[in-house]
Amino acid sequence: MLHIIFSLLVSMQAPAAPTNYSVVQDGLKKIAQENPTTTELFDIGLSDSGDPIMGLKIGNGETPDLIVATHHGNEYGSTGVAMGAADAFAKNPIVGHTVYIIPVLNISGYNNRNRYERTPSGSVDQNRDYPGPCATTQPFRSKATKALADFIDKKNIVSSATLHTYWPAVLYPWGFSTKDITTSYESTFINLVKASAVESGYAVGNSKELLYAADGAFEDYAFWKHGVWSLLFEMGKSHNPSQSDIKRMIDVNVPGFRRFFENAPKERAANHDFTGKCDYTRALQRTHLE
Ligand SMILES: [Zn+2]
């Protein structure tokens with residue numbers, strides 16, 4: 001299996017070389033073939049590009065969890081880490097858990113090395129395309145974000161890791177336009193981000209405090225809408241990681257994903273409403289690059 005991941009990584013290595021979703025699909029099929037007792041291919045529906053948004057279901061435990069990568073099409077390092085996690089968990093599933101891994105949510109962006117997805121209604125930043133308590137724009141312009149939202153609802157996802165490059169940091173809600181950034185579960189989230197960053201040594205903390213306010217992001221939506229234990233992984237130090245950079249990101253983050261899912265509560269959070277006030281002060285908004 002490793003040769004598939006490495007051929008994937010090699011194809012990503014040269015900055016000018018195109019990333020190719022069909023290579024990711026082949027990699028998922030290969031992992032599924034090599035681990036027939038622990039894995040099952042699935043898709044969550046078609047993207048605006050007409051491609052099936054594929055994933056791998058790993059394990060048969062009663063707690064369903066999610067890893068989703070590449071809301072931002074240019075962040076191929078996060079796809080590499082999702083594939084590394086798929087390979088590792090397929091060989092050694094997490095006892096008591098079923099982990100759904102979706103390595104590329106933004107398929108046209110991935111194929112074009114572009115942050116944005118092409119849709120009939122124009123270019124979409126998928127990680128600003130979810131409803132949110134302070135979101136001011138029309139949500140779900142992308143078929144992919146709607147499909148993912150339906151999927152986490154239908155599968156009753158309990159914990160979720162959304163993967164991006166780069167910062168590096170592991171972050172928890174709230175991260176949108178408000179000064180009232182504390183959820184009812186601050187200490188739980190702090191314990192979870194610390195557990196997730198043991199090997200990586202990444203910075204940990206509240207999304208808005210460490211990064212910036214962003215409305216319509218998946219990580220906030222999953223907690224706000226359903227009480228999913230939702231963490232944002234901003235991995236590595238570049239949007240153009242080399243093969244060895246990606247291998248290192250896999251090595252230091254996959255144990256953190258495992259510990260996150262093992263340590264998270266086995267039920268969704270009960271008190272997940274946002275009760276604060278929205279605040280669109282310009283100082284909160286920084287350039288959205290991660
Ligand atoms: Zn990103």
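The values are calculated or read from the model by the stated rules, or taken from the named source; none is laboratory data. As the structure is a computational prediction, the values presented were derived from the model and not from experiment. So basically every Cβ, Gly included, is an ideal-geometry build from the backbone, and we count neighbours across all protein chains shown. Each accessible area value is taken on the protein alone, full model and side chains, heavy atoms only, with ligands, DNA and RNA left out. Shrake-Rupley method; radii C 1.70, N 1.55, O 1.52, S 1.80 Å.
The test for being away from the ligand (no atom under 16 Å from the Cβ), open to solvent by 10 Å² or more (accessible area, probe 1.4 Å), in contact with a Lys or Arg (Cβ under 8 Å, 6 or more places away or on another chain) and more than 30 Å from GLY276 (Cα to Cα) does not hold for THR137.
If you go through the range 63-85 and keep only what is part of a loop (DSSP other than H, G, I, E, B) and charged (D, E, K, R), you end up with just GLU75. All of PHE261, PHE233 fail the test of being within 16 Å of the ligand (Cβ to nearest atom), open to solvent by less than 10 Å² (accessible area, probe 1.4 Å) and aromatic (Phe, Trp, Tyr), apart from PHE233. Scan the range 183-198 for residues that are in a helix (DSSP H, G or I) and of a type outside the set (A, V, I, L, M, F, W, C) and report the count. Final tally of qualifying residues: 6. Among residues of the range 88-108 that are within 12 Å of THR63 (Cβ to Cβ) and in contact (Cβ under 8 Å) with a residue 60 or more places away in the chain, those with a Cβ under 8 angstrom from a residue that is part of a helix (DSSP H, G or I) and open to solvent by 10 Å² or more (accessible area, probe 1.4 Å), sequence gap 6+ or separate chain, pair up as ILE94/ARG258; ILE94/GLU262; HIS97/GLU262. For the range 35-62, a residue qualifies if it is assigned to a strand (DSSP E or B) and open to solvent by 40 Å² or more (accessible area, probe 1.4 Å), and the qualifying residues are GLU40, LEU41, ASP43, LEU46, PRO52, LYS57. Taken over the range 70-99, the criterion of being surrounded by fewer than 24 Cβ atoms within 10 Å (Cβ to Cβ) and within 16 Å of the ligand (Cβ to nearest atom) is satisfied by ASN74 alone. In the range 199-210, is there at least one residue being within 16 Å of the ligand (Cβ to nearest atom), in a loop (DSSP other than H, G, I, E, B), touching a Ser or Thr at 6+ places or on another chain (Cβ under 9 Å) and not aliphatic (A, V, I, L, M)? Yes: one or more hits. There is at least one residue in the range 120-130 that is over 17 Å from the mean Cα position of the chain (by Cα), open to solvent by 10 Å² or more (accessible area, probe 1.4 Å) and either of a type in the set (S, T, N, Q) or closer than 25 Å to ILE181 by Cβ (or both). Among the candidates TRP174, TRP167, the residue that is of a type in the set (A, V, I, L, M, F, W, C) and under 20 Å from THR275 (Cα atoms) is uniquely TRP174. Selection of the range 165-214 for residues being closer than 17 Å to GLU262 by Cβ, open to solvent by 60 Å² or more (accessible area, probe 1.4 Å) and not acidic (Asp, Glu) yields ASN191, LYS194, VAL198. Out of everything in the range 137-160 that is touching a residue at least 40 places away in the same chain (Cβ under 8 Å) and assigned to a loop (DSSP other than H, G, I, E, B), what residue ends up being farthest from THR63 (Cα to Cα)? Ranking the qualifying residues of the range 137-160, first place goes to THR137.
Number of residues in the range 102-117 that are in a loop (DSSP other than H, G, I, E, B) and either open to solvent by 10 Å² or more (accessible area, probe 1.4 Å) or more than 18 Å from ASP129 (Cα to Cα) (or both): the value is 6.
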